[in-house]
Amino acid sequence: MENDNGNFKMVAKTFRGLETVLYKELKELGATDLEVGNRMVEFTGNKEFMYRANFHLRTALRILKPIADFKVINDQQLYDKIQTIDWSTYFDLKKTFAIDSVIFSDHFSHSNFVSQRVKDAIVDQFREKFKKRPYVDTEDPDIQIGIHISHDLCTVSLDSSGESLHKRGYRQISNKAPINEVLAAGMILLSGWDKKSTFIDPMCGSGTLVIEAALIANNIPPGAYRKKFGFETWKDFDNELLEDIYEEDYEEPSSEVKVFGSDISEMAIRVSKENISSAGLRKKIELKIDPIENFNPPISGGGVVVTNPPYGERIKINEINSFYKSLGDIFKNKYKGFEIWLLSNNNDAIKHVGLHPSNKVTLFNGALECKYLNYSIYEGSKKTKNMDID
Ligand SMILES: C[S@@+](CC[C@H](N)C(=O)[O-])C[C@H]1O[C@@H](n2cnc3c(N)ncnc32)[C@H](O)[C@@H]1O
């Protein structure tokens, strides 16, 4: 599937709602033949570009390299087609492997069963050729194989990322319900923040949004902290090429932009501090233990607030509604000149913010369908009673 120039098709996967941001990131990085799909963007590039994509993309979860596609309507056909691929060109007996199957087809109902058949076909091929078999390791495989069956079309890919790219490598400890790093970066990029004006998360928890903001402002690639990418255990791994990319594309953080994080919980701020230190961003982010009610943003210059407040699972309905009402009051009174972006799955509570959203996007925080709302706070911003946001 590689052409004469060494270019091949790849698939970058992401969360629902972040496809257009990922498209933009890929375009800026130099990808060609871009096509947006459902929770993914297809593109073309060479091996160097595949390494760069893993190193740079903030909103990609993984980068897949398709190696074969064919039609299948039953498991015997699947077994036979998988056996037509010469697996020894991709890995040898010393490597472990794992299969991840995603099925959207009436012909196959269980992804586990599909993975099993694919594994059998690969193992049998090795046994026939070498009288020995490679072993499966579902925790930390050397070679991660992706099977995607849509109707009768099966695509076989190698996962060049290995562990999901949201695992940047800077998180030391987690507080309660940390937001996924890919989602956090996507929220910041969707906000259109200019990377120069003040950035605040006044309910920062373990600090994911402020860390991702500081990485963005300082042009630090999210892969700079990763210990390993999947392609590093491939047969064709080029270590020199990866080292060149690290050297060429990593700059020392130099932005003067102000990034603030604050949280009511002392524990959350302690966790944030650990994570920020591990990312080497201590001088780039200011932290405070403060309830949002007391936190005062810098008076001049405006800026952006991107935040993920409590959704209210453990709080009484009238308490969470009145908390969201007070958030609306705080934004209106203290955040003149700011663009506020708020992620929540609590539609009832959101109505109590009482400000008119100028933009809203649907995003998923894990399985939770959330609204990501933008409130532009200017001099004359008015509060309205229980805004209808649907
Ligand atoms: C959903 S969590 C945020 C998670 C965060 N985005 C992360 O990645 O870890 C909500 C946070 O709001 C904080 N919080 C709740 N009430 C607050 C208040 N009145 N002022 C400031 N922070 C508050 C909680 O302590 C919690 O850390």
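Some notes on this structure:
- Packing-based ranking, highest mean first, of 91-97, 1-7 given that Cβ atoms within 10 Å are counted: 91-97, 1-7
- Local electrostatic count at residue 290 - Lys and Arg +1, Asp and Glu -1, tallied over other residues with Cβ under 11 Å: -2
- Cα-centred dipole magnitude for the range 51-128, charges only on beta-carbon of K, R (+1) and D, E (-1), debye, nearest 20: 500 debye
- Spacing of the modelled spin labels on residue 326 and residue 356, each 7 Å from Cα toward Cβ, amounts to 2.8 nm.
- 0 to 90° range, to nearest 10: angle between helix 19-29 axis and the chain longest Cα axis: 70 degrees
- The spread of Cα positions in the range 8-159, taken along each principal axis and listed from longest to shortest, comes to 47, 35, 26 Å.
- Footprinting exposure proxy for 236, 159, 75, 137 (fewest neighbouring C-beta atoms within 10 Å first): 236, 137, 75, 159
- Here the relative contact order of the range 8-159, from alpha carbon pairs under 8 Å that lie six or more residues apart, stands at 25 percent.
- FRET efficiency, residue 247 to residue 368 (Cβ-Cβ, R0 45 Å, nearest 0.05): 0.65
- Projected label points at residue 315 and residue 348, each 7 Å from Cα along the beta carbon direction, are separated by 1.4 nanometres.
- Segment residue 240-residue 164, length gained on full extension (0.36 nm per residue, minus Cα span): 25.0 nm
- Inter-probe distance in nm under a simple model that places probes 7 Å from Cα toward Cβ, at residue 34 and residue 94: 4.0 nm
- In the chain, Rg over Rh equals 1.03, where Rg is the alpha-carbon radius of gyration and Rh the Kirkwood radius from pairwise Cα distances.
- Distance from the alpha carbon centroid of the range 61-75 to that of the range 81-116 works out to 9 angstrom.
- Within the chain, helix-based [θ] at 222 nm, where runs of 4 or more DSSP H residues each add -39,500 (n - 2.57), nearest 500: -9500 deg cm²/dmol
- Charges were assigned to the Cβ only: +1 to each Lys and Arg, -1 to each Asp and Glu. The resulting dipole of the range 8-159 about its Cα centre is roughly 280 debye.
- Here 267, 187, 50 are placed in order of increasing Cβ neighbour count within 10 Å, fewest first, which gives 267, 50, 187.
- Between helix 239-249 and the chain: long-axis angle, C-alpha atoms, 0 to 90°, nearest 10: 20 degrees
- Residue (of 12, 101, 153) at the positive-pole extreme of the range 8-159, dipole from beta-carbon charges: 12
- Fraction of C-alpha pairs exceeding 13 angstrom in the range 103-158: 66 percent, rounded to a whole number.
- Cα centre as origin, Lys/Arg/Asp/Glu Cβ charges: the chain dipole, Debye: 1240 debye
- Altogether, the Stokes-Einstein calculation at 25 °C and 0.890 mPa s, with the Kirkwood radius of the range 165-230 over Cα pairs as Rh, returns a diffusion coefficient of 196 µm²/s.
Values in this text are rule-based calculations from the coordinates and carry no lab data. The model shown is predicted, which means the values in this text are computed figures rather than measured ones. Please note: Cβ atoms are built from the backbone with ideal geometry, for glycine as well, and neighbour counts cover all protein chains shown.
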